[in-house]
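Undergrad: Take this structure, written in structure tokens, and hold onto it; I'll ask about it next.
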Ligand code: ADP
């Protein structure tokens, strides 16, 4: 978080009242969304309402002990983040204070109040290599050089979007701190590796384009049935024990995003601790480097005050946009947006606003959509293309999807991955319910799958969907009358559907090979089940009893494709064996 400089400091106000995270101050000279320092400890807060000479502030730190009469100091600046090399591998709190720096400053893991720390290290030097030279003309947003930030990611240093731009007068390679000028322009503008950006303002772009590329996750149920686009939005509700953590880890590890921004927003303290402990241990399976080399973690546990949940969501999306501007594909995961919504509810009730549904403020839906709106596939102002994909976890109380946060989120996002506690209980993982989930990107991503995987990807997938739908209907009958009462063709369909569930939809995150499934393999598994289906129905028509068809030796081998490294040979052989074993029956 940027610290306000001395010259910015405005006239002090006086605290009038304190109600949890909401503080009112008298006679403060401030504007909406300005950052202020509250009380003698200087707690960070943000102006959320101004009426006459009374200013209402939400405070991002614990306010106990703060009393009326203490001073409030304005900074004249909106809540902003520091952007520059050093954000990857970092773990921040909700107002971009690096947790390790805070711990050091206070000599304990308990975050004290009123401690400020810049979002990026101001003393550390980085090796800057310019990509422009004296005489070149640069505009706002242009890339002027690179810094090898981590073994996985080159940081692109850009002209800040609010600069005018001009002719480069000097551009030096060498080691610099983030505040030293690395490129100078003829109009006097100096470009540093660090920029600041107000978190509530979307970073500008030339154009938001219709996303046409999938964010491949290597998870069959997602890529195969419910794909999200690069630049798309998804919601994932996670009842306890349904595999939310594993799914998120899988996405962070395998999604083909260059950068992952993980916003842990007020989940139960211990869960966030788990993330803080787990993530630094994870390996990036693609590069072999640490996963944190391309990850930025923002961790706001429930022990921190509610107001900070909001700032961590905005901090996260701003950091994501900054990497998007470099031409990277960024995946932002927010866990959980329900906790943020609850924070809005609490602040709103302390402001005595008119409550909407279930006590949430009437602007809940507007806030959520403002946030998801910042996702997209963009043509940046420097003409690179980059994307921000947003995956928001939702925690509906009791798994009830009819509650306001889930409902409002569903109206906004285009992909819905419904984690299902029943499936998890039956050990069907990932426990994404294929009847309730959906993706509105399917059609627009089909051309990509046709071009990059197989021509008949859409048809094969549709066949799988139809079989699964039919299974759902047949299951209702089976529950009433039992499987044996069904005609043979329907019994066969149930068997085919079982393979689709067990061999295709299920995937073991903990198996070295099965943990990631490339789209080609996803295709081949569904395709071999489809050819089993065709051959099986031919045999049935030729009079072979259904038990004999489902009993062939080869069939159970379908369930082992997922764990095969050289799956192509395995599937070729399997397909042949299935056909010949069935052919022998008639
Ligand atoms: P939650 O975070 O929703 O409480 P977890 O993600 O911790 O649940 O998952 C609970 C357990 O379910 C895990 O410890 C693991 O045994 C199992 N599990 C979840 N997802 C998978 C998966 N994709 N593959 C294998 N096992 C899984």
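The values are calculated or read from the model by the stated rules, or taken from the named source; none is laboratory data. Quick caveat, the model's predicted, so the values are computed rather than measured. Positions of Cβ are backbone-derived with ideal geometry, glycine not excepted, and every protein chain shown enters the neighbour counts.
Undergrad: Within segment 409-427, can you find the residues that are more than 9 Å from the ligand (Cβ to nearest atom) and surrounded by fewer than 18 Cβ atoms within 10 Å (Cβ to Cβ)?
TA: 410, 411, 422, 425, 426
Undergrad: Under the condition of being part of a loop (DSSP other than H, G, I, E, B) and surrounded by 18 or more Cβ atoms within 10 Å (Cβ to Cβ), which residue from segment 505-514 is nearest to the ligand (Cβ to nearest atom)?
TA: Here the residue is 507.
Undergrad: Return a yes/no flag: does segment 257-268 have any residue that is modelled with pLDDT under 95, within 30 Å of residue 57 (Cα to Cα) and within 12 Å of the ligand (Cβ to nearest atom).
TA: yes
Undergrad: To continue, here is another question. If you take the residues of segment 40-75 that are within 24 Å of residue 315 (Cα to Cα) and without any contact (Cβ under 8 Å) to a residue 60 or more places away in the chain, which of them is surrounded by the most Cβ atoms within 10 Å (Cβ to Cβ)?
TA: Selected residue: 57.
Undergrad: Looking at the structure I just gave you, is residue 502 part of a helix (DSSP H, G or I) and either free of Cβ contacts under 8 Å to residues at least 12 places away in the same chain or over 32 Å from the mean Cα position of the chain (by Cα) (or both)?
TA: no
Undergrad: Just wondering, is there one or more residues in segment 370-378 that are more than 14 Å from residue 234 (Cα to Cα), within 16 Å of the ligand (Cβ to nearest atom) and without any contact (Cβ under 8 Å) to a residue 40 or more places away in the chain?
TA: no
Undergrad: Can you find a residue that is within 16 Å of the ligand (Cβ to nearest atom) and surrounded by fewer than 16 Cβ atoms within 10 Å (Cβ to Cβ) anywhere in segment 186-197?
TA: Looking through segment 186-197, none of the residues is within 16 Å of the ligand (Cβ to nearest atom) and surrounded by fewer than 16 Cβ atoms within 10 Å (Cβ to Cβ).
Undergrad: Could you tell me which residue of segment 319-354 is surrounded by the most Cβ atoms within 10 Å (Cβ to Cβ), considering only residues that are at pLDDT below 95 and assigned to a loop (DSSP other than H, G, I, E, B)?
TA: The selected residue is 336.
Undergrad: Scan segment 547-558 and tell me whether some residue there is in contact with a helix residue (DSSP H, G or I) (Cβ under 6 Å, 6 or more places away or on another chain), surrounded by 19 or more Cβ atoms within 10 Å (Cβ to Cβ) and part of a helix (DSSP H, G or I).
TA: Looking for residues that are in contact with a helix residue (DSSP H, G or I) (Cβ under 6 Å, 6 or more places away or on another chain), surrounded by 19 or more Cβ atoms within 10 Å (Cβ to Cβ) and part of a helix (DSSP H, G or I), one finds at least one in segment 547-558, hence yes.
Undergrad: When you check residue 242 against the structure, is it part of a loop (DSSP other than H, G, I, E, B), at pLDDT 95 or above, surrounded by 23 or more Cβ atoms within 10 Å (Cβ to Cβ) and within 16 Å of the ligand (Cβ to nearest atom), yes or no?
TA: no
Undergrad: Considering only segment 71-95, state which residues are modelled with pLDDT of 90 or more, part of a loop (DSSP other than H, G, I, E, B) and closer than 22 Å to residue 33 by Cβ.
TA: 79
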